[in-house]
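> Before anything else, here's the structure in question.
The values are calculated or read from the model by the stated rules, or taken from the named source; none is laboratory data. Everything numeric here is computed off the predicted structure, so don't read it as measured data. Cβ atoms come from the backbone with ideal geometry, glycine included; neighbour counts cover every protein chain shown. We work out accessible area using only protein heavy atoms, side chains counted, and drop any ligands, DNA or RNA first. Shrake-Rupley method; radii C 1.70, N 1.55, O 1.52, S 1.80 Å.
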Amino acid sequence: MASLVDRMRGHGRIAAGLLFNLLVSICIVFLNKWIYVHHGFPNMSLTLVHFVVTWLGLYICQKLDIFAPKSLPPSKLLLLALSFCGFVVFTNLSLQNNTIGTYQLAKAMTTPVIIAIQTFCYQKTFSTRIQLTLIPITLGVILNSYYDVKFNFLGMVFAALGVLVTSLYQVWVGAKQHELQVNSMQLLYYQAPMSSAMLLVAVPFFEPVFGEGGIFGPWSVSALLMVLLSGVIAFMVNLSIYWIIGNTSPVTYNMFGHFKFCITLFGGYVLFKDPLSINQALGILCTLFGILTYTHFKLSEQEGSKNKLAQRP
């Protein structure tokens, strides 16, 4: 009875974590797009604000004894911090240069790429039916991109780079948490300032720092408040991503994440008047079909594995 209660509590925590991530992830997409469209705040500078606020948030959490920092060698985190920069910068550049629909659907390609990375680099195996579900997911993304009336080649390049770096990043996060025996907060506490320092060095080479359009330029109070709010929500997104991947798996996080794009797409059409053709709608439905089929097969396989373990003498 006690073990059943513990399992239910565990499932409840995971469900709450997924729901929280769903809400803040949708919020950050709309807020960042609003900042790009209506204020023109520079991309890398906004990412730098996100990283700094994330580190400050974790510092406060540490002072409140929410978690205990663990000493980690910087060399072990260098590649992860670099991929974190690429993950956020390229994803935001994709959002800035694409419609919300294309941006969100392109992210669906993260799942096939993660499966490819885990198959070829980590010798993890996936059943044939799981692999087949990646076909409608990929086909739907291609259909949407091909028939997007606001197609932007540079935006698609950023989207492709974002998918690749994000996939590597999410696989490495899970691996590093297990390798270094740290939780999500402990890992992010050391990684966030390293990523901030990297961007601090890079920003002056790509964006203005002072004057019009610079991070220290003459921004309105409303723009600065929006940027600060974006940083706070980004902290919540980053923390929930780490927690979910550490407590489930990169693939589970991604498959759940794809359901966000339904609400995100609707918001894009309402808030930013993004156009939607019949063929794009077919692409969206095709991707959704792949996501739902994958989820059904994955849950069936997990249930089968549990039953086999329970039947062992």
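> Using the structure shown, decide if Lys124 is outside any helix (DSSP H, G or I) and either modelled with pLDDT of 80 or more or closer than 23 Å to Thr293 by Cβ (or both).
Spelling it out, Lys124 is indeed outside any helix (DSSP H, G or I) and either modelled with pLDDT of 80 or more or closer than 23 Å to Thr293 by Cβ (or both).
> Of all the residues that make up segment 145-196, how many are among the small types (Gly, Ala, Ser) and open to solvent by 50 Å² or more (accessible area, probe 1.4 Å)?
The total comes to 1.
> Among (1) among the basic types (Lys, Arg); (2) under 30 Å from Ile142 (Cα atoms); (3) not in a helix (DSSP H, G or I), which single condition is Lys70 missing?
Result: Lys70 fails condition (2) only.
> Determine the pairs where a residue that is free of Cβ contacts under 8 Å to residues at least 24 places away in the same chain, located within segment 83-97, has a partner that is outside any helix (DSSP H, G or I) and of a type in the set (Ser, Thr, Tyr) with Cβ atoms under 6 Å apart, the partner being 6 or more residues away or on another chain.
none
> Right, something else. Can you name the condition, by its number, that Gly246 falls short on among (1) modelled with pLDDT under 70; (2) loosely packed, with under 15 Cβ neighbours inside 10 Å?
The number of the failed condition is (2).
> Next up: Six or more apart or on different chains, Cβ atoms under 7 Å: show the pairs whose first residue is in segment 152-165 and touching a residue at least 40 places away in the same chain (Cβ under 8 Å) and on the phi < 0 side of the Ramachandran plot and whose second is outside any helix (DSSP H, G or I) and crowded, with 18+ Cβ neighbours inside 10 Å.
From residues that are touching a residue at least 40 places away in the same chain (Cβ under 8 Å) and on the phi < 0 side of the Ramachandran plot, the pairs are Asn152/Asn98; Gly155/Asn98; Ala159/Asn98; Val163/Met109.
> Separate question: Checking the conditions here, which among Gln104, Gln96 is at pLDDT below 85, part of a helix (DSSP H, G or I) and closer than 27 Å to Gly214 by Cα?
From the options Gln104, Gln96, the qualifying one is Gln96.
> Go through segment 103-139 and report how many residues are open to solvent by 50 Å² or more (accessible area, probe 1.4 Å) and in contact (Cβ under 8 Å) with a residue 60 or more places away in the chain.
4
> Report yes if Gln280 is in a helix (DSSP H, G or I), at pLDDT 85 or above and surrounded by 13 or more Cβ atoms within 10 Å (Cβ to Cβ), otherwise no.
When the stated conditions are applied, Gln280 does not pass them.
> Further question on the same structure: Check off (1) in a helix (DSSP H, G or I); (2) over 22 Å from the mean Cα position of the chain (by Cα); (3) crowded, with 16+ Cβ neighbours inside 10 Å for Pro204 and give me the number that stays unchecked.
All conditions pass for Pro204, except number (3).
> Next up: Hey, does segment 217-239 have a residue that's modelled with pLDDT under 80 and under 25 Å from Lys63 (Cα atoms)?
yes
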